1. Please turn the phi angles of region 291-306 into ³J(HN,Hα) values with the Karplus equation 6.51 cos²θ - 1.76 cosθ + 1.60 (θ = phi - 60°), one per residue in order, whole Hz, x for glycine and proline.
2. For region 214-227, take each phi angle, set θ = phi - 60°, evaluate the Karplus expression 6.51 cos²θ - 1.76 cosθ + 1.60, and give the result in whole Hz per residue in order, putting x for glycine and proline.
3. For the pair Gln870/Ala215, report the inter-label distance in nm, with labels modelled 7 Å from Cα in the Cβ direction.
4. In percent, how large is the relative contact order of the chain, given Cα pairs closer than 8 Å and 6 or more residues apart?
5. At 0.36 nm per residue, and after removing the present C-alpha to C-alpha distance, how many nm does the segment from Ser766 to Asp420 gain when stretched out fully?
6. Under the rule of at least 5 residues apart or a separate chain, name every residue whose amide H is placed under 5 Å from the amide H of Ile493.
7. Can you give the FRET efficiency to the nearest 0.05 for Arg402 and Ser451, using r as the Cβ-Cβ distance and R₀ = 25 Å?
8. Calculate one ³J(HN,Hα) per residue across region 351-359 by plugging θ = phi - 60° into the Karplus curve 6.51 cos²θ - 1.76 cosθ + 1.60, and present them in order as whole Hz with x for glycine and proline.
Amino acid sequence: MSDPFLTAMGIIGEQDLTDELLLRTMRTLVAIFEGMDLEPTRRRLEAMVGLSMSPGEGLTSGEIEPWLDDAKSTIQWTYWDSYVRQLQSQGFTGSVLRTIDQDTDNILTECGNPSEPDPWRTQGLVMGDVQSGKTANYCGLISKAADSGYKVVVLLTGMIEELRSQSQERMDEGFVGQESSDLIEGVHGRIIGAGRFRDATPNVLTSVESDFLTANQRALRGIPLQNLGEPLLLVLKKNTTPLTRLIKYLQNQMRHGATQLDIPLFLVDDEADNASVNAKKDEDPAKINSLIRELMGQFRRAAYVGYTATPFANVFINPDPKRNDLFPNNFIYSLKAANTYIGAASIFLDDGAHAGQLVDIVDAEACFPDKHRKDLEIIDLPASMQNALDVFLLSCAVRDLREESLRHRTMLINVTRFTDVQGRLADVVDGYLFDLVNEIKQYLADDDLWSRHQPLSNLHKLYLEHYSDSGVPWDGVRKKLYDSVATVKVLTINRETEAEDKLNYRHYKNTEKGRRVIAIGGLTLSRGLTLEGLCVSYFYRNSKAYDTLLQMGRWFGYRPGYDDLCRIWMTPEAQDWFGHIAGVVGELRSDIRHMHLNRLPPSKFGIRVKSHPDILLVTAQNKMRHSEEVEVEASYSGRAVETSALPRSQETNQANVRVTTTFLNELGPADQVGSRYIWRNVSPSQVAAYLAALEISPVNQAFIPDSRTKEQPLLSFIADNEIDALQSWDVCLAQGSGEAARGIAFAGPDGVQVGALKRLRQFERSRSNGASFLKINKQRLGEISDEKVEIEEDVIREVEEAWRALDPEVRAAKRVPGDAYRTVRQRPLMTIHPVQPSDPDKDSKAASRIMLSSEIKTDLLIGVSLSFPQFEETRRSSVKYRLNKVYLRNAGLLDDEDESDEDLD
């Protein structure tokens with residue numbers, strides 16, 4: 001009997017799925033599948049209602065003549081059309097299919113025309129969120145490239161076989177249409193995926209089981225590459241052995257006397273910021289980078305398309321064409337995720353729809369010390385990890401009772417980068433799981449005994465805390481639990497993982513329970529690997545590198561039908577970093593949008609990324625591979641900075657209050673606008689002098705001192721720049737709902753002395769008791785409303801309407817970010833915040849990680865925010881920082897983790 005879901009997708013076709021269309025479809029299914037239980041199909045379709053996606057936007061150098069539109073009508077879209085039908089069978093509808101079509105057109109037309117006989121080489125980069133559908137995009141792009149005439153397609157994946165095999169499997173489904181393992185052996189394989197909708201089959205020289213081997217050449221039956229009727233696909237690891245083999249094979253394919261192949265190459269580099277980027281000096285490129293360049297050089301005509309969620313490393317590549325490196329000189333394209341995507345902003349920002357997924361880790365330091373080595377012994381599990389394991393088991397039962405179509409269930413544990421420690425941790429987790437599952441089995445039938453047995457009563461307690469509103473009653477969960485978790489396995493996922501212990505979801509695709517695993521790993525789990533059915537994550541790492549953190553976020557992605565069950569255990573500090581990164585990435589995407597409208601080339605985006613104030617340390621760390629001291633530049637055009645780390649010392653805070661009172665009285669009488677006090681036409685030298693007089697912690701990146709002069713470069717820039725837009729400042733004293741700020745008094749609108757009310761802010765407990773600063777919760781000193789100060793109301797409305805109009809369905813209910821208002825700011829703004837420490841909310845999950853106000857030995861702290869208007873960016877408008885590695889590390893601003901350690905995974 002046919003599948004009701006596939007029948008439903010045939011009915012829906014390329015229409016957008018609405019409630020009305022769903023109702024009509026279900027009526028049709030009832031008539032076709034009389035007597036069958038269609039409830040699982042209905043729930044699966046319901047999760048797709050309202051799903052939408054918008055095309056991305058990009059930057060182009062303009063060097064490649066747009067060619068695709070003219071050629072479209074002459075191309076037989078064999079591979080693309082079958083891929084679309086394959087996507088439809090998987091549940092892709094309406095706007096998502098149209099967006100993939102438009103995005104892949106936009107990217108392909110920036111690559112070289114394969115029909116153009118003269119030599120050419122193009123290089124581009126596609127940015128997309130972590131786990132947001134980049135694979136679906138590049139599979140479609142490869143399909144179109146094959147249809148348009150590219151003869152050799154190489155897909156470079158990560159550095160481990162598990163990821164390469166997973167990528168090959170997806171290409172088999174979406175592009176090859178048969179089992180690649182059969183084709184390598186010369187056997188007509190089982191028809192799968194897109195192959196169900198066409199007769200043509202591409203050639204392959206790699207398979208799910210095998211990277212490129214010399215013996216694989218037999219699959220082509222001795223036919224030269226130039227004579228192949230269908231395109232050739234190879235899916236390779238970024239490893240010297242298969243890349244070297246492939247280059248040698250290509251050289252053997254060249255006609256006598258030739259130095260290049262006269263057929264077009266289409267090279268897709270997945271996770272392009274990993275291994276592909278030159279980690280050494282230009283004159284001595286890293287081996288993988290060198291081999292990719294050499295591979296490209298084997299062809300007279302070659303297109304390189306990198307895909308990444310974290311482009312920070314890619315834009316540090318030297319863009320000079322003479323260097324022949326992999327900088328995306330021709331284009332950068334930014335994909336947009338579907339409206340159901342769960343990303344960093346959704347989880348880690350205050351108004352995020354999925355912020356409820358977060359659970360604080362406050363007890364793991366004793367088990368996993370911050371600077372542990374590979375010989376760390378694991379004796380016990382912290383209570384937070386035990387709870388996370390218990391919640392994962394509960395989630396398995398709840399999802400089974402909901403009759404989800406996806407049967408795989410995964411939990412992620414990432415607490416160490418050492419494979420030895422991962423192995424010892426797996427043993428302890430396995431022992432805990434074994435004992436708990438046996439307890440569940442033994443007391444399965446008796447709820448009274450269950451309730452009196454501590455490990456099992458804890459399961460009930462956690463159910464009430466996390467899943468009481470899941471729609472599945474406790475009694476049902478309790479009775480289902482053993483059946484749901486009996487097959488759960490504990491695996492370590494790293495480069496040393498044996499074949500039989502890999503994730504291998506595909507081998508369990510048709511089993512009743514699917515693959516159910518607790519995956520323990522580090523770096524290997526952070527690069528492109530998809531954890532099917534991931535529901536619970538336990539993350540205890542201390543990296544400050546933006547790209548490393550984002551890639552570690554395997555919990556980002558699409559969780560249809562179970563997003564309410566997902567939970568992430570994480571330290572408050574890591575949560576803050578992820579939230580901070582979400583803001584930075586959002587600003588960079590806004591930069592692409594503005595540059596796209598102004599038709600700026602990719603090189604300008606590279607400069608913009610490198611000069612972002614919040615990426616100072618990323619830039620510094622990148623350069624410090626070659627030097628103990630480096631110079632980095634930051635641009636503050638359209639940017640904002642604030643002091644979210646405030647002094648701990650009572651004496652320092654009292655001094656900051658005195659400095660602030662003196663400064664405000666020097667400015668003269670203030671105007672009052674709402675609850676805020678405003679001073680206009682303040683000179684840059686006054687602003688700089690005030691900031692210099694304040695004691696500001698260098699943990700606030702923008703205020704890092706120069707390693708030689710010890711002066712703060714930002715303050716020198718404010719005082720000395722000659723930019724017209726920065727010659728007159730507005731100063732605002734913000735007020736809140738706290739107590740009166742004793743010690744702050746100044747002249748009000750009538751010259752009468754007035755004071756201010758303090759803003760209430762919570763402060764996080766530090767992992768280091770000796771820290772000289774206090775960190776504001778979520779690193780949020782100011783409020784978005786501060787950005788509206790001194791902007792006309794009608795202009796504010798225009799900004800908000802324009803921002804929401806860019807993506808109406810996604811942005812309708814979201815707050816407009818601060819950077820949108822800075823696009824219309826006419827003068828720079830300094831906001832002074834009198835801050836009063838406040839207690840945590842008693843009922844808040846975060847109460848344990850927030851300091852009590854009584855623990856903070858001062859009741860008034862001074863913070864500042866700076867908001868800059870947009871101005872022309874030149875060498876003279878940048879702020880130059882000289883930074884020293886030793887100083888930054890001692891200040892806690894650089895990672896201590898050395899990812900090059902030979903014992904890493």
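1. 5, 5, 4, 5, 4, 4, x, 6, 10, 5, 10, 8, 10, 10, 10, x
2. 4, 5, 5, 4, 4, 4, 8, 6, x, 6, x, 4, 5, 9
3. Each label point is offset 7 Å from its Cα along the Cβ direction, giving 6.0 nm.
4. Taking the mean separation of contacting Cα pairs over the length of the chain, I get 12 percent.
5. Answer, rounded to one decimal: 121.7 nm.
6. Correct list: Ile520, Gly521.
7. Working from the Cβ atoms, E equals 0.55.
8. Karplus values, whole Hz, x for Gly and Pro: 9, x, 5, 10, 4, x, 6, 7, 10.
The values are calculated or read from the model by the stated rules, or taken from the named source; none is laboratory data. None of these values were measured; they are calculated from a predicted model. We place every Cβ from the backbone using ideal geometry, glycine too, and count neighbours over all the protein chains shown. Calculation scope for accessible area: heavy atoms of the full protein, side chains included, ligands and nucleic acids excluded. Shrake-Rupley method; radii C 1.70, N 1.55, O 1.52, S 1.80 Å.
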